[in-house]
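Visitor: Please see the structure below; I have some questions.
The values are calculated or read from the model by the stated rules, or taken from the named source; none is laboratory data. Every value quoted in this text rests on a predicted model; they were computed, and no experiment measured them. Here the Cβ positions follow ideal geometry from the backbone for every residue, glycine too, while neighbour counts run over all protein chains shown.
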Amino acid sequence: MGPSTFISAALHVAIVLFAIVGLSSSHMSAPLVAIPVDLSTPADITKIKAGMKDAADDASLAAKPEEEKPKAVKEKTAKAPEQTAAIKKSAEPKVEKTVEAPKTPAPKPAPKPEQTAAAPKPQPKPQAPARKPEPPKEQAKAALKPALKPAPKTAQFDTDRISALLNKIPDATDTPEPQALAEETKPARGQSNGTEMAMSVNELDALRARISECWTPPAGGLGADAIVVKVRLKLNQDGTLEGLPSVANSGSSPFFQAAADSAVRAVFQCQPYALPAGKYSLWRDMILTFDPSQMYRSG
Amino acid sequence: MWRSSMLIFAALLGAVSAPAPAHAVVELDITQGTIQPLPIAIVDFAPGLGIDPEAAREISDIVAKDLQSSGLFAPIDQAAFIERDLGMSSVPRFEDWRVINAQALVIGHIGASKGKLRAEFRLWDVLSGQQLVGEQVFARPQEARRLGHIIADTIYERITGEKGYFDTRIVYVDESGPKDRRMKRLAIMDQDGHNLKLLTQGQSLVLTPRFSPSTLEITYMSYEGAEPKVYLLNIETGQKEIVGAFPGMTFAPRFSPDGQRIVMSLEQGGNSNLFAMDLRSRRTMQLTNTDAIDTGPCYAPDGRQITFETDRDGSRQIYVMNADGSNQHRISQGEGSYSTPVWSPRGDLIAFTKMQGGRFLIGVMKPDGSGERILTEGFHNEGPTWSPNGRVLMFFRESPGAGGGPRLYTIDLTGYNERQVATPAFGSDPAWSPLIN
């Protein structure tokens, strides 16, 4: 009992010392309880980090796909007439169906989406592996920095959302990340510790606000406000959509289709997404839940 | 202890450098949107063989005007269009439409087929590049405008998820002549004010016309005989009859949702009570029995309840009861007096006229009286009637002064989209038909 208690005590002291030394370099000399201050800082810190990435990178990335896009669309137009011709044929027989009662639904040309889905894909993939060779160095650098300032880091973890924490960890090991970090560490302006493993609250808020602006839910329908639509989307590094977004849930309400369409339109309308390039691995794959229930007052 | 300490230490280290699951997905809740009209590009419909290009263009023009009037769509000025030669059978160059911020695109073609007009149209989602609707619509040449209304309804329904209300008609009281000698005639027109037709010639005063669910008959009150009575009129044949053989003045009629009954007020000895009459058996049933004035009855869309106005509490208030007259209870609770309750076709709201402080307001409340919301107010607003999808109210507003008179207006449930309905003369007491199809 005795010796183990000592050892345990010693270890605890060591940990505390370790923490104090770490903390002393930061602005907090007060007791550790002062942690709540961090409630606002993580977002700010990440914001500073986000600000570090040079705009030039983004621009160059954005330019390429846009140049290529038209090509894809042109191909579409080339193929399209065939599709519509087919539609027309299938629509014809129904002509006789209604004379007075007018609506004669004609089949839709389904194939289209696949084309758009296919077109953008090739671009991002080659890019990521191409830069792979570089990262190791940066990774090393990145690894060093957090080691120097471990205490503040853990303080952030404490106060940040647990879910965010969970998200952070995964992406440290993602391959694209180091490459992104490499870009970031060059023009080091804020503290760049290379471990930006989560979207900051501010970044998420900004994204949320942006999509809110693009989203026009079908308003006023009876029960329409209770319809939740989940849309999964994948993004290219330049913030454009990689393929077609997909609706990840379904509903029996007559409003569901309209609600789902409005969500998908919002996702299209909002691109390109201006998100921190260094965190591409985090935002390349997103699930957005469109829930208008809070938008309307009762009545 | 030692071991547990080591474990803790290891755990602490682990927390800093733990490897993690391979792939992350950002999940985000979007709980706010922006309510704004959808920018829609509507290309002039192309004429087929033997079709006047102007006539074809008029159809697409109707589509644009209908959609715009809903306040939910913003048709884009055609001058901004980049792709000019877009045909029905080709896929649009979506980038050209994205550039002008169109989110939806309508193209169409008007042709003739076996003596009828045939409209083909497509609705494209510009952003995703997908076709949302591709349909054909037929109409007799004299009903060409209906093609536009039906197409507008289809687009409206596909985008909003709700049935449209453009292929509908309005019956109302056309008012002409000076204020003290006003001639009131029954009139019917399309929802957008076109195709006006007078149903009576103005020899006697008419009030409160109401559509049957079949849209072929209307019921109204007229001073035709010795006493004002409720009449039933077939719009197609012009056939007319008095509803019920009541010993007194009958007024404020309205059809039940199944069209089988008419509910109305009967005035006897200074007070009035509500009666329902079965149109087949001609049997009548007394629903209320008070020494007050009970009037303005209106069925719920399921036919199980009736809302009405009564002054049994001193001032006019809105009540709800079961269709057999049981369980009469007051639902209006605010200040002022309430009248002309109308149950929404979708059942969730009751529209009313409210008089408070010398002003007339049009509002809605839930059938239990909660959630009262005022949509519009003015010098004299009255007589709301619902669009068949329960989203828009039409009412009449009287302007003050010697030269003033009533005009028809619409307002949607948001209370923001108010519009005047074009009528050649003054108009009052509008009643909105169900969708014609």
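Visitor: Hey, can you tell me all the residues within segment B:313-331 that are under 28 Å from the mean Cα position of the chain (by Cα), part of a loop (DSSP other than H, G, I, E, B) and of a type in the set (D, E, K, R)?
Guide: B:Arg316, B:Asp324
Visitor: Can you tell me which residue among B:Leu287, B:Leu274 is more than 21 Å from B:Ser344 (Cα to Cα) and in the same structural domain as B:Asp348 (by TED's automatic domain parsing)?
Guide: So the residue among B:Leu287, B:Leu274 that is more than 21 Å from B:Ser344 (Cα to Cα) and in the same structural domain as B:Asp348 (by TED's automatic domain parsing) is B:Leu287.
Visitor: Condition test on B:Leu198, is it more than 15 Å from B:Ala252 (Cα to Cα) and modelled with pLDDT of 90 or more?
Guide: So B:Leu198 passes the test.
Visitor: Go through (1) among the acidic types (Asp, Glu); (2) within 13 Å of the chain's Cα centre (by Cα); (3) buried (at least 23 other Cβ atoms within 10 Å of the Cβ) and name the single condition B:Asp429 misses.
Guide: (2)
Visitor: Hey, any hits in segment B:166-179 for a residue that's in contact with a helix residue (DSSP H, G or I) (Cβ under 6 Å, 6 or more places away or on another chain), in contact (Cβ under 8 Å) with a residue 12 or more places away in the chain and closer than 24 Å to B:Ala46 by Cα?
Guide: Within segment B:166-179, one or more residues are in contact with a helix residue (DSSP H, G or I) (Cβ under 6 Å, 6 or more places away or on another chain), in contact (Cβ under 8 Å) with a residue 12 or more places away in the chain and closer than 24 Å to B:Ala46 by Cα.
Visitor: If a residue has to be of a type in the set (Asp, Glu) and under 23 Å from B:Leu349 (Cβ atoms) to count, how many in segment A:217-268 make the cut?
Guide: Total meeting the criteria: 1.
Visitor: Which numbered condition in (1) in contact with a Gly (Cβ under 9 Å, 6 or more places away or on another chain); (2) modelled with pLDDT of 90 or more; (3) facing chain B (nearest Cβ under 7 Å) is the only one that A:Pro292 fails?
Guide: (2)
Visitor: Filter segment B:408-426 for residues that are buried (at least 19 other Cβ atoms within 10 Å of the Cβ) and of a type outside the set (S, T, N, Q) and give the result.
Guide: Within segment B:408-426, the first condition is being buried (at least 19 other Cβ atoms within 10 Å of the Cβ), and the residues that meet it are B:408-413, B:421, B:423, B:426.
Listed by number, the residues that qualify are B:Leu408, B:Tyr409, B:Ile411, B:Asp412, B:Leu413, B:Val421, B:Phe426.
Visitor: As an exercise: evaluate A:Ile287 against (1) within 8 Å of chain B (Cβ to nearest Cβ); (2) within 30 Å of B:Gly371 (Cα to Cα) and give the number of the one condition it does not meet.
Guide: All conditions are met except number (2).
Visitor: Sticking with this one: Can you find, within segment A:256-274, the residue that is farthest from A:Leu207 (Cα to Cα) among those that are outside any helix (DSSP H, G or I) and in contact with a strand residue (DSSP E or B) (Cβ under 7 Å, 6 or more places away or on another chain)?
Guide: Applying the filter and picking the extreme gives A:Gln271.
Visitor: Take segment B:123-147 and flag every residue that is closer than 26 Å to B:Glu54 by Cα and either at the interface with chain A (Cβ under 7 Å from one of its Cβ atoms) or in a loop (DSSP other than H, G, I, E, B) (or both).
Guide: Scanning segment B:123-147 gives B:Gly134, B:Glu135, B:Gln136, B:Val137, B:Phe138, B:Ala139, B:Arg140.
Visitor: Looking only at segment B:94-118, count every residue that is closer than 22 Å to B:Arg57 by Cβ and facing chain A (nearest Cβ under 8 Å) and tell me the total.
Guide: Summing the residues that are closer than 22 Å to B:Arg57 by Cβ and facing chain A (nearest Cβ under 8 Å) in segment B:94-118 gives 3.
Visitor: Checking B:Tyr165 against (1) in contact with a Pro (Cβ under 6 Å, 6 or more places away or on another chain); (2) in a strand (DSSP E or B), which single condition isn't satisfied?
Guide: (2)
Visitor: Would you confirm whether or not segment A:229-237 contains a residue that is of a type outside the set (Ser, Thr, Tyr), on the phi > 0 side of the Ramachandran plot and not in a helix (DSSP H, G or I)? Please lay out each step first, then the result.
Guide: Applying the first criterion (of a type outside the set (Ser, Thr, Tyr)) to segment A:229-237 yields A:229-237.
Retained after the next criterion (residues that are on the phi > 0 side of the Ramachandran plot): none.
No, segment A:229-237 contains no residue that is of a type outside the set (Ser, Thr, Tyr), on the phi > 0 side of the Ramachandran plot and not in a helix (DSSP H, G or I).
Visitor: Within segment B:148-171, how many residues are more than 11 Å from chain A (Cβ to nearest Cβ), surrounded by 24 or more Cβ atoms within 10 Å (Cβ to Cβ), more than 26 Å from A:Asp225 (Cα to Cα) and β-branched (Val, Ile, Thr)?
Guide: Number satisfying all stated conditions: 2.
Visitor: OK, next. Report, ordered by the first and then the second residue, all pairs with beta carbons closer than 8 Å, sequence separation of six or more or different chains, a first member in segment B:361-381 that is basic (Lys, Arg), and a second member that is assigned to a loop (DSSP other than H, G, I, E, B).
Guide: Sorted first by the residue in segment B:361-381, then by its partner, the pairs are B:Lys366/A:Gly299; B:Lys366/B:Asp348; B:Lys366/B:Leu349; B:Arg373/A:Gly299; B:Arg373/B:Gly415.
Visitor: Also, quick follow-up: Got at least one residue in segment A:270-277 being of a type in the set (A, V, I, L, M, F, W, C), surrounded by fewer than 19 Cβ atoms within 10 Å (Cβ to Cβ) and modelled with pLDDT under 90?
Guide: Yes: segment A:270-277 contains one or more residues that are of a type in the set (A, V, I, L, M, F, W, C), surrounded by fewer than 19 Cβ atoms within 10 Å (Cβ to Cβ) and modelled with pLDDT under 90.
The rows are residues; the columns are (1) in a loop (DSSP other than H, G, I, E, B); (2) of a type outside the set (Asp, Glu); (3) surrounded by fewer than 20 Cβ atoms within 10 Å (Cβ to Cβ).
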| site | (1), (2), (3) |
| --- | --- |
| B:Arg282 | yes, yes, yes |
| B:Gly303 | yes, yes, yes |
| B:Gly363 | no, yes, no |
| B:Ser370 | yes, yes, yes |
| B:Ile374 | no, yes, yes |
| B:Glu382 | no, no, yes |
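Visitor: Also, I was wondering about something else. Taking the condition of being under 29 Å from B:Glu95 (Cα atoms) and free of Cβ contacts under 8 Å to residues at least 60 places away in the same chain, how many residues in segment B:138-165 meet it?
Guide: Matching residues across segment B:138-165 total 4.
Visitor: While we're here: Could you say which residue among B:Pro209, B:Pro213 is part of a strand (DSSP E or B), under 22 Å from the mean Cα position of the chain (by Cα) and either crowded, with 22+ Cβ neighbours inside 10 Å or assigned by TED's automatic domain parsing to the domain that holds B:Pro341 (or both)?
Guide: Step by step, each of B:Pro209, B:Pro213 is checked, and only B:Pro209 is part of a strand (DSSP E or B), under 22 Å from the mean Cα position of the chain (by Cα) and either crowded, with 22+ Cβ neighbours inside 10 Å or assigned by TED's automatic domain parsing to the domain that holds B:Pro341 (or both).
Visitor: Out of the residues in segment A:203-262 that are acidic (Asp, Glu) and either farther than 22 Å from A:Ala277 by Cα or within 8 Å of chain B (Cβ to nearest Cβ) (or both), which is surrounded by the most Cβ atoms within 10 Å (Cβ to Cβ)?
Guide: In this case the residue turns out to be A:Asp261.
Visitor: Mind counting the residues in segment B:23-78 that are within 14 Å of chain A (Cβ to nearest Cβ) and among the polar types (S, T, N, Q)?
Guide: Of the residues in that region, 5 qualify.
Visitor: Quick one: which residue in B:Ala80, B:Ala104, B:Ala55 is among the aliphatic types (A, V, I, L, M) and crowded, with 18+ Cβ neighbours inside 10 Å? First the steps, then the outcome.
Guide: Details: B:Ala80 fails: crowded, with 18+ Cβ neighbours inside 10 Å; B:Ala55 fails: crowded, with 18+ Cβ neighbours inside 10 Å.
The conditions single out B:Ala104.
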